[in-house]
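As structure tokens, the structure follows; a few thoughts come after it.
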Ligand code: GAL
């Protein structure tokens, strides 16, 4: 690997100078302003295909070379993109096969972006040629440090080429039609296939009742996209560059299983656009969601820093209502990413365009071309602060806890017809479990079922509906060896094809939990059951189970309806460890209390030692480690100041001040160390 990617705190943005090539004054201003804002890195060329190849086979890289060189001369690094996120009009018109076909079997016209078929040989040939050339031309430039493959991979294509590939994929997976029919339980409603060519993807007016098919289609879409990404990577490698590669992901976006990209990536990066100040949720709610997203993305390549590839310096322009960041929020949200393991704060985008659908999206430089605006000053302040936090670059989290989020399980829960077709809210449930730890200042990974679970002391597996990758055995070993496991209702019901286990639920884990779940049912949106635990009453939402105890006893029971007296929260010793089971949809206060207890029992490492009182609501901290030093990033998501009395004092990393009473300004963030 070329060693140009040394750990470094990056600060910068998507830079689209191809929109301004006729304005040398703007390009010169860009460099001057970037230096003023403390920008040390830009992502270039993401949507520049038309400028790079204005006519088929005619490449114009001169302008890009000048930009890269000029940036480099001014101390600004380049993350260089392969331009597949948007194709030139000449290509779409000459080769319609590059355009996507929807589930209604209608092919898109030229338009928008992310509108390409991942199978099309023409698209692959064209992206290979230009990416290889970019690599040959710029891969050795000392200013270029990383490849940004495409942009936000996502979406599906239902064209004949993709359908053919899907059939081939199925043949490879199942070998025989009998195996496919068995896995998909096709005898139901006479859906048995007698030829591979009879299998359609889930078309608008086609098959939506075979869950195994729908899950396999999403697996196929993932594999196709990974294959396309690997092809782009091959092009840059064939062009002679062995610089590391990344692809910018989208957090909890459920159109792909991101973990399947891991073997091809050197660095994970992602684009974070939280709905700060949205009016319905508090900023702490949004921060908790964002924290889980950062942890989810980091867990794709655990033990490594990731990059925040995009965020907005002020507002977006695509939400139903787009708010600007309140004073303080830009610094806080930027350092939140760093707290969770990011070695960068990058924005979309550097300068607002004059036209196009993103002309009012927040950018560092607005149409007024000023550097004395609130947004510019906020950005410059982050740049300055990050420069002082260079020591954190390359540091990593060491979580002792994990909450499992599994994308295939997410698909399976969404597609299945079950107790609550208006939503079982798997993602939200996972995030509530994660939030309980986040609020305590405890680091948390979010692996999927294929992850290495042996490193943790505490594992939560909310709604483990689907079991795959030997998860039951892994969890059994984990508890036997002394780990603490938290499971919930709607678990251990189906295998990886969505076929129900013919056994007690949760499959393979009944002795670990000391119970079996006999029946589950839904609750209406406004319906509640309750449990009383430690003199506090907690509401149960959305789903409720009847469980039979087999060797354990209940810590708490349900209070209402005919469920009254039935086990609701159970604890069971198994081997050297313990397993907890929550037999209904738990809300935040119950989870927070449960995890606080478990964290104390296990002595889980907390970022700050705040004693009995703990951290106030909306105040939290995360730790990163490097060379024996801990960097603690304390954050306050409240609009009011916060004070935390620390039992173990710390030192302010930036001022050197000893801190035993930690004060945080409204939306304040401080970096501390021991
Ligand atoms: C991202 C995308 C950027 C820009 C941004 C706006 O999803 O990668 O190109 O469109 O959204 O928020």
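Label sites at residue 278 and residue 398, each approximated as a point 7 angstrom past Cα along Cα to Cβ, lie 3.6 nm apart. By the Cα gyration tensor, the range 1-93 has an equivalent ellipsoid whose semi-axes, rounded to whole angstrom, run 25, 17, 11 from largest to smallest.
Values of log10 I(q)/I(0) for the range 619-673 across q = 0.15, 0.25, 0.29, 0.30 Å⁻¹ run -0.39, -1.01, -1.25, -1.29, by the Debye formula with one identical scatterer at each alpha carbon and no solvent.
How big is the chain by the Kirkwood estimate over distinct Cα pairs, in Å? If you can, show how the numbers build up before the last one.
On the way: mean 1/r = 0.0376 Å⁻¹.
The Cα-based Kirkwood calculation yields 26.6 Å.
According to the calculation over all Cα-Cα pairs in the range 128-189, the P(r) per 10 Å bin from zero is 16, 24, 23, 18, 13, 5, 0 %.
Just report the Cα centroid separation between the range 532-578 and the range 17-65, whole Å. So the separation of the two Cα centres works out to 60 Å.
Once the mean 1/r over all distinct Cα pairs of the range 414-478 is inverted, what Kirkwood radius in angstroms do you read off? All intermediate terms of the calculation are to be shown ahead of the outcome.
Numbers: mean 1/r = 0.0742 Å⁻¹.
Result for the range 414-478 stands at 13.5 Å.
Hey, any idea what Rg/Rh is for the range 375-445, computing Rh the Kirkwood way over Cα pairs? Kindly include the intermediate steps, with their values, before the conclusion.
Numbers: Rg = 18.8 Å, Rh = 15.8 Å.
That ratio equals 1.20.
Legend: calculated FRET efficiency, residue 657 to residue 58, from the Cβ-Cβ distance at R0 = 60 Å, rounded to 0.05, equals 0.50.
Can you tell me what share of the DSSP beta bridges in the chain is antiparallel? A percent to the nearest 5 is fine. Don't jump to the answer; show the numbers that get you there.
Numbers: 52 of 92 bridges.
The answer is about 55 percent antiparallel.
Between residue 21 and residue 527, the simple label model (points 7 Å from Cα in the Cβ direction) yields a spacing of 6.3 nm.
Which residues in the range 44-84 place their backbone N less than 12 Å from a point set 7 Å from the Cα of residue 136 along the Cα-to-Cβ direction? In the range 44-84, the label zone of residue 136 (backbone N under 12 Å from the point 7 Å along Cα→Cβ) covers 59.
Just so you know, the Rg over Rh for the range 401-602 is 0.92, from Cα atoms, with Rh as the Kirkwood radius. Applying 1/(1 + (r/R0)^6) with R0 = 41 Å to the Cβ-Cβ distance of residue 550 and residue 640 gives a FRET efficiency near 0.25. Approximating the spin labels as points 7 Å out from Cα along Cα→Cβ, the residue 69-to-residue 511 distance works out to 7.2 nm. The coefficient of translational diffusion for the range 281-364, derived via Stokes-Einstein from the alpha carbon Kirkwood radius under 25 °C and 0.890 mPa s, stands at 177 µm²/s.
Over the range 154-296, all Cα pairs binned in 10 Å intervals from 0 give whole-percent P(r) values of 10, 30, 26, 22, 11, 1, listed from short to long.
Take the Cβ-Cβ distance between residue 560 and residue 428 as r, set R0 to 22 Å, and report the resulting FRET efficiency rounded to the nearest 0.05. Could you put the intermediate results ahead of the total?
Numbers: r = 23 Å, r/R0 = 1.04.
Efficiency computed from Cβ-Cβ geometry: 0.45.
Taking every eigenvalue of the Cα gyration tensor of the range 3-57, multiplying by 5 and rooting it, what semi-axes result, largest first, whole Å? It would help to have the intermediate numbers written out before the result.
Values: eigenvalues 116, 63, 11 Å².
Its equivalent ellipsoid spans semi-axes of 24, 18, 7 Å.
Read-outs: derived from the displayed coordinates by stated rules, not from any lab. All values reported here derive from a predicted model rather than from experimental measurement. Ideal geometry is used to build each Cβ from the backbone, glycine not excepted, and the neighbour counts take in all protein chains shown.
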